[in-house]
Every structure is written in C-alpha cells, then in structure tokens.
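Let me begin by presenting the structure, written as structure tokens, before commenting on it.
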Amino acid sequence: MKRTVPKENLDRSAAADLWRHTLSQIPSVFGRLVYLASLRNGNTDSYEHHGFAQIFGREIAEQTLRLSHRQAFAEWLCFTLEEQKADLDLYLSALSVDKKTIVEAWLRLAPYRNLVPSTVRRAERELYLADLETLLTLLKNEYGASAPDPDA
C-alpha cells in the first residue's frame, strides 16, 4: 500500500523554499548565478533578500543564499565548455536586449567578473574567467560584436 506524506511534513527548509519558489523558475544555471550574485551586497559581502529574511530570519536567509550561490557556481564549473555555451545561450535568449549588444557590453565592462562567490579558491575563479572569456570570443564572432579598443 502506498503512503502519502501529509503536506505539513514536506521539506520546508530555507534551501528547499528558495529552490521551489525562485531558483527552479530560472531556466539556466548562469541565470541563477546572476540572480544570486545580485543579492550580494558589494560593500559587506552579505546576501540580502528582505522577503526571504522575513520568513526564515536574516542569518538563515544569508547562509542559504551564500550556499546557493556557491552551489550554482560549482554547477557551472562542472559543465563542459559546450554545456556552458548552451546554458549561456539560454540565459541570453531570455533577456530583452539583442545578444550583440550584450556581448559588446560584456567585452567592455566585464560584469561577469562580479558573479564569482567570494569563498571560491583562486583556481576556481581563474577557470571560470578563462571559460567566460573563451565563450565571449565565440559569441563575439557568432554575433559580429566588436571588441573595445584598449587604447580608447
């Protein structure tokens, strides 16, 4: 006989709630990385989400967001370059700006550098940056984007 678990016994942890209500709605790992990095305060390196903190408390919310950011980053690094390209294409397709404009801005401003969790090792950071720069070169060629003039 099959038993059903009452609703009140389902996992209600902060991480499960974050996944169920937010992260699972973001189709790309890169998109999750962007979202979680956007919740990090650049002045304090703390993660802030008012609604999430109201439900679970500031400390649990901060820890959960920090861990989720680290996990999304680790998941991205485990992808092959081909998988990263497909995931990045999925992320870019969801944006309302054309891809050429985005690639040109990324080549000029390098906002992807701010997506790295502060707790990663140097080797992980370097691998991420090398992969992203390779992908940007591919995307630059694919979309006919122009690279910034370093002497400008």
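The values are calculated or read from the model by the stated rules, or taken from the named source; none is laboratory data. This structure is a prediction, so every number in the text was calculated from the model and none was measured. Positions of Cβ are generated from backbone atoms using ideal geometry, with glycine treated the same way; all protein chains shown enter the neighbour counts.
Modelled with pLDDT of 95 or more, small (Gly, Ala, Ser) and within 14 Å of the chain's Cα centre (by Cα): does that describe SER38?
yes
Does the range 81-110 hold any residues that are farther than 22 Å from LEU23 by Cβ and hydroxyl-bearing (Ser, Thr, Tyr), and which are they?
THR101
Out of the residues in the range 47-73 meeting the condition of being polar (S, T, N, Q) and surrounded by 13 or more Cβ atoms within 10 Å (Cβ to Cβ), tell me which one is nearest to ALA86 (Cα to Cα).
My answer is GLN71.
I'd like the full set of residues that are closer than 27 Å to LEU65 by Cα and in a loop (DSSP other than H, G, I, E, B), limited to the range 101-152.
Scanning the range 101-152 gives ALA110, VAL116, PRO117, SER118, THR119, VAL120, ARG121.
Could you pull out the residue among ASP87, ASP131 that is under 17 Å from ILE26 (Cβ atoms) and not polar (S, T, N, Q)?
Going through ASP87, ASP131 in turn, the sole match is ASP87.
Before we move on, is GLN84 touching a helix residue (DSSP H, G or I) at 6+ places or on another chain (Cβ under 7 Å) and surrounded by 14 or more Cβ atoms within 10 Å (Cβ to Cβ)?
Answer is yes for this residue.
Could you please tell me which pairs satisfy a Cβ distance under 7 Å, a separation of 6+ or placement on different chains, a first residue in the range 94-109 that is within 14 Å of LEU132 (Cα to Cα), and a second residue that is part of a helix (DSSP H, G or I) and not charged (D, E, K, R)?
So the pair list comes out as ILE102/LEU92; VAL103/LEU136; VAL103/LEU139; VAL103/TYR143; TRP106/TYR112; TRP106/LEU136; LEU107/LEU136.
For the range 19-34, state whether one or more residues are modelled with pLDDT under 95, more than 30 Å from LEU81 (Cβ to Cβ) and of a type in the set (D, E, K, R).
yes
Whether any residue in the range 32-42 is within 22 Å of ALA16 (Cα to Cα) and free of Cβ contacts under 8 Å to residues at least 24 places away in the same chain is what I want to check. Write out each step before concluding.
First, pick out the residues of the range 32-42 that are within 22 Å of ALA16 (Cα to Cα): 32-40.
Filter once more, keeping what is free of Cβ contacts under 8 Å to residues at least 24 places away in the same chain: 35, 38.
The answer is yes; a qualifying residue exists.
Check the range 114-121 and report whether any residue there is exposed (fewer than 12 other Cβ atoms within 10 Å of the Cβ) and under 30 Å from SER13 (Cβ atoms). It would help to see each step written out before you state the result.
Keep residues of the range 114-121 that are exposed (fewer than 12 other Cβ atoms within 10 Å of the Cβ), which gives 118, 121.
Restricting the remaining residues to those that are under 30 Å from SER13 (Cβ atoms) gives 118, 121.
Yes: the range 114-121 contains one or more residues that are exposed (fewer than 12 other Cβ atoms within 10 Å of the Cβ) and under 30 Å from SER13 (Cβ atoms).
Return yes or no: is PHE79 surrounded by 15 or more Cβ atoms within 10 Å (Cβ to Cβ), touching a residue at least 40 places away in the same chain (Cβ under 8 Å) and over 19 Å from the mean Cα position of the chain (by Cα)?
Criteria not met by PHE79.
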